[in-house]
Amino acid sequence: MTDQCHMTIHEAAGHLKSGAATSRQLCERVLARIAAVEARVNALSHLDKDTVLAAADTADRRRAAGQELSPYDGIPLAIKDNMAVHGQPCACGSRVLAGFTSPYNATAVQKLLDRGFIPCGRTNMDEFAMGSSTETSAFKTTANPWDLTRVPGGSSGGSAAAVAAGEAIAALGSDTGGSIRQPASFCGVVGLKPTYGRVSRYGLVAYASSLDQIGPLTKDVRDAAILLETLSGHDPMDSTSLNQPVEDYAAQLDTASARGLRIGMPREFFDVTGLAPEVRQAIEDAAATYQGMGAELVPVDLPHTKYAVATYYIIATAEASSNLARFDGIRYGARDQEAGDLLSTYRKTREKGFGLEVKRRIILGTYVLSSGYYDAYYNRAQKVRTLIREDYTNAFTSCDVILAPASPFPAFKVGEITDPLTMYLADIYTISVNLAGICGISIPCALTRGGLPVGMQLLGPAFGESAILKAARVFEQQSPLAGKMAEL
Amino acid sequence: MKYEAVIGLEVHVQVRTRTKVFCGCSNGAGDEPNTNVCPVCLGYPGSLPVMNAEAIRKTIIAGMTCGCAIARYSKWDRKNYYYPDMPKNYQISQYDLPICEGGEIPIEGKGFSGKPLTPRNIKLTRIHLEEDVAKSTHLGKYSGIDYNRAGTPLMEIVSEPDMHTADEAYAYLTALKQAMQFAGISDCDMEKGQLRCDVNISVRPAGETKLGTKIELKNLNSFRAIHRSIDYEIDRQIDACEAGEPLYQETRRWDDDAGMTTVMRSKENAHDYRYFPDPDLMPVTVTDDQLDTIRADLPECPWSRRDRFVEQFGITPYDADVLTADKALADYFEAAAQGVKNAKTVANWIQTELLAVLGKEGKPITESPVSAGHLADLVALIEADTISGKIAKQVFAEMLISDKSPKEIVKEKGMEQVTDTGAIEGMVAAVIANNPKPVADYQAGNAKAIQSLVGQVMKASRGKANPQMVVQLLKAALD
């Protein structure tokens, strides 16, 4: 039998249903695993065991009375430290939110609670989700469970590492430019970024509002489908959430087939300098596998790909410079106590509260919105964004899903990349998906010779989650990597 | 040299809605501080705004009232600057695509100084909607912030630089305030911060078409302060021009006690607000059908009502002006005027009797002890010759302290006018017999002498005789 901490959601649900496990046992096993490996992995920024166990007992009582909230009632999940859970800290990897406790639940969190899922640990992240390695976290750098000297990716690196290390059955992350998919690929787990507007952002601390989206990090595709269905739906508290029917994504997986599936292969994605040969090979092998299963490979063009990174770093930083203005020490969070007057309170609080990368992006964003520069940067970036969106619209006229790397290279060493621009450029495969507002999933597709996971992305049109989940499931079914865990 | 001032006003008006503009909190400033707050209006991490459609509807009503073009598509922008009264350190506002554009507000009557104004229309630039900020109270070393006000829907009504005197600015504000009250948008109580006003002002040699250096005035807390500050600033700027001193584009603060303005912020220190579209909110789209529905229910604006009163009820423009100064008063007049033959009588009664009583007691028309229906009944009794104007005053005095209708009062107190010719003839004969001197005077050609005889007959009837009949019958007996 699979160790309970390595179980998927659907396996755990089966055990709960059959009585093979109680929620308390499940949670205790996950907490024990955390106790055993967390010192090496550093995936979590906060854990309140008592609350978890109390919730587990409540869930067990409900189930005993035949009143379980869902088949998943009593299953623990880790939550990225930028989503509000009532009564819990929400530090976003930043000193500026030290001591802050959320007074309400994010809608995504509430939807989990409504089905009986138990928030179990808050996961470490790059500060305010700005980073690709968790190295910008003010608290600690999370280690990649496959190789503890390497980063887990980011910004949802804590969530990806927790799932890969068995510290979580599954986790929630957020994805602004690849922050779910890239760490999923680095840690050998499944990460799904839903279509913009599919999942409510209410309660997700905003980095770049027009790009942010909450999504699951899981051990398999079925779990991603289960969580997507749980999280999705229109939310009156989020004007940008869309009123589209929520599908039973997990049930759709049973009929998944590659036969007749048209898989788009973007030429531009394979011209990227810095694309590691092993990653290129892994993607080409995956394409061949699909072809072998009856799929058709279709070359597609995404001609504005080369502008995606620049466009992203203008729009995202512009929005961030405004979104992060509220962290001033006046109403909540850390306030610098030495400051004498208002202006120095602002300055000192923000100087000490924010890390280097956050400051860099606030300054960039402030600059691109400044009077006299707005048209040259922000306005132009918005126009290019439209072109990037049209690229995908055109591409999806000739294919059902697009196959792409998730990152040009597998997990890098902690401290290996110090140049911000090199770090930014590595976002090339994920970032345009956020700019276009479409959906994408990253699933493990290979191991490098050095034993590091390589992830591949399947991208779908807006509200095309069903297509990418099914395509991912087809691949997963024959993948030799399925069920393979990092050894710790 | 002769100079001309050019004045434009930026007026903020709080919109009366049940809830705030971007969250479900009660729109109740004035409650216990920081009680009408939630994660959204406190700008807590993760919270998001959701637009209040009623605030948009009322802004459209304001725009229609002022003849603005209503945008089918407008959007929300963030205005970025730091201040503790701003929970997010940006204000959700509208930058380049406001809900309302253009429009005008007619001014007439008198200005604050009492001088008559040349009636004309003051042009508007735009009206947009935004969120109000919190209210700061400075307590020595510390400041208190009440976030109840944060998120109150706030309209900004911007005029063109289209006024030239403090009196015009005053008349414009008065008309604007009336219009907002009539449309049910706001009470516009300046003391409660429901209406706030900044002034843009410059001077130029008369006849020049180019605008002079613009100076913005802030900290204007009453219509009187606005009037005084404009007069002060016009003089200051003209003095500077005449002395050959340069004027700088700047923001100046009005000190109401000292009666002067001082520099607050120079142009170099002006904020760069870094406006950009708010990604948390969808653009506002309005359909023709929605506009038609709003227009069908559009409350009449004060200046239309004033004109209608003159035309429909035959009252003077002056009376119409007084009676439309306040919506409740206009409603009262209109209700009372419905039941009578001559609305002028109603207008007179309201102005000379009712407003005097209310003024003495400091009550608004909504608390009038005499209902509009009863006042109409009273005037109808006069018109039907049931009572005389003089008796009517006694009835009115009784109405102030009783809920009874004037008819009941007249009946109970036996105040009906005597119109019985026989009865009056009897009294006339007695008065003629008992007052030989005025009778003789009258018959000797002193026409005025009849007044004293009329008075005697009225006295004999205890005021109830119909005065016209008394005169008629006296003349018949003496001529």
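Observations
- Count of region A:336-376 residues which are buried (at least 18 other Cβ atoms within 10 Å of the Cβ), within 14 Å of chain B (Cβ to nearest Cβ) and of a type in the set (Lys, Arg): 1
- Per-region count, region A:1-20, residues under 22 Å from residue A:225 (Cβ atoms) and either touching a Cys at 6+ places or on another chain (Cβ under 7 Å) or not hydroxyl-bearing (Ser, Thr, Tyr) (or both): 13
- Evaluation of residue A:121 against the conditions (1) touching a His at 6+ places or on another chain (Cβ under 8 Å); (2) within 12 Å of chain B (Cβ to nearest Cβ) shows that the sole unmet condition is (2).
- The sole residue among A:395, A:316, A:404 that is within 11 Å of chain B (Cβ to nearest Cβ), within 30 Å of residue A:472 (Cβ to Cβ) and touching a Leu at 6+ places or on another chain (Cβ under 9 Å) is A:316.
- Test for residue B:23: is it surrounded by fewer than 19 Cβ atoms within 10 Å (Cβ to Cβ), within 14 Å of chain A (Cβ to nearest Cβ), of a type outside the set (Val, Ile, Thr) and in a loop (DSSP other than H, G, I, E, B): no
- Across region B:290-319, the qualifying residues are those that are hydroxyl-bearing (Ser, Thr, Tyr) and within 30 Å of residue B:339 (Cα to Cα), and the one among them that is nearest to the other protein chains (Cβ to nearest Cβ) is B:304.
- Residue check for residue A:23: under 24 Å from the mean Cα position of the chain (by Cα) and polar (S, T, N, Q): no
- Wholly within region A:392-480, helices (runs of 4 or more DSSP H) carrying at least 3 residues that are among the β-branched types (Val, Ile, Thr): A:428-436
- Residue within region A:183-198 that is more than 14 Å from every other protein chain (Cβ to nearest Cβ), within 27 Å of residue A:481 (Cβ to Cβ), under 10 Å from the mean Cα position of the chain (by Cα) and of a type in the set (Ser, Thr, Tyr) present: no
- Wholly enclosed helices (runs of 4 or more DSSP H) of region B:322-370 bearing at least 1 residues within 14 Å of residue B:310 (Cα to Cα): B:327-338, B:343-348
- Residue B:43 vs. criteria surrounded by 21 or more Cβ atoms within 10 Å (Cβ to Cβ), in contact (Cβ under 8 Å) with a residue 12 or more places away in the chain and within 9 Å of another protein chain (Cβ to nearest Cβ): yes
- Within region A:81-95, one or more residues are in contact with a Lys or Arg (Cβ under 9 Å, 6 or more places away or on another chain), within 13 Å of chain B (Cβ to nearest Cβ), surrounded by fewer than 24 Cβ atoms within 10 Å (Cβ to Cβ) and not in a strand (DSSP E or B).
- Being farther than 17 Å from residue A:185 by Cβ and either hydroxyl-bearing (Ser, Thr, Tyr) or touching a residue at least 12 places away in the same chain (Cβ under 8 Å) (or both) is a condition met by no residue of region A:450-458.
- Filtered residues of region A:218-276 (kept if aromatic (Phe, Trp, Tyr) and touching a residue at least 40 places away in the same chain (Cβ under 8 Å)): A:249, A:269
Condition check ((1) more than 14 Å from every other protein chain (Cβ to nearest Cβ); (2) at pLDDT 95 or above) across all residues:
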{"site": "B:225", "(1), (2)": "yes, yes"}
{"site": "B:233", "(1), (2)": "yes, yes"}
{"site": "B:237", "(1), (2)": "yes, yes"}
{"site": "B:241", "(1), (2)": "yes, no"}
{"site": "B:248", "(1), (2)": "yes, no"}
{"site": "B:253", "(1), (2)": "yes, yes"}
{"site": "B:284", "(1), (2)": "no, yes"}
{"site": "B:288", "(1), (2)": "yes, yes"}
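- Count of region A:184-205 residues which are more than 17 Å from residue A:132 (Cα to Cα) and part of a loop (DSSP other than H, G, I, E, B): 10
- Leading residue by the ranking (surrounded by the most Cβ atoms within 10 Å (Cβ to Cβ)) among those in region B:229-286 that are in a strand (DSSP E or B) and touching a residue at least 60 places away in the same chain (Cβ under 8 Å): B:276
- Scanning region A:140-180 for residues that are of a type in the set (S, T, N, Q) and surrounded by 24 or more Cβ atoms within 10 Å (Cβ to Cβ), we see that the one that is nearest to residue A:457 (Cα to Cα) is A:179.
- A Cβ distance below 6 Å, combined with a sequence gap of six or more or placement on separate chains, defines the contacts here; from region B:57-77, residues that are without any contact (Cβ under 8 Å) to a residue 60 or more places away in the chain reach residues that are not in a strand (DSSP E or B) and not aliphatic (A, V, I, L, M) in the pairs B:67/B:103; B:68/B:102; B:68/B:103; B:69/B:102.
- Qualifying residue in region A:223-237 (condition: at the interface with another protein chain (Cβ under 9 Å from one of its Cβ atoms) and surrounded by fewer than 23 Cβ atoms within 10 Å (Cβ to Cβ)): yes
- The strands (runs of 3 or more DSSP E) falling completely within region B:73-123 that include 2 or more residues that are of a type in the set (A, V, I, L, M) and surrounded by 18 or more Cβ atoms within 10 Å (Cβ to Cβ) map to B:104-107.
The values are calculated or read from the model by the stated rules, or taken from the named source; none is laboratory data. These numbers were taken from a predicted model, which means no experiment stands behind them. Note: ideal-geometry Cβ built from the backbone for every residue, glycine included; neighbour counts use all protein chains shown.
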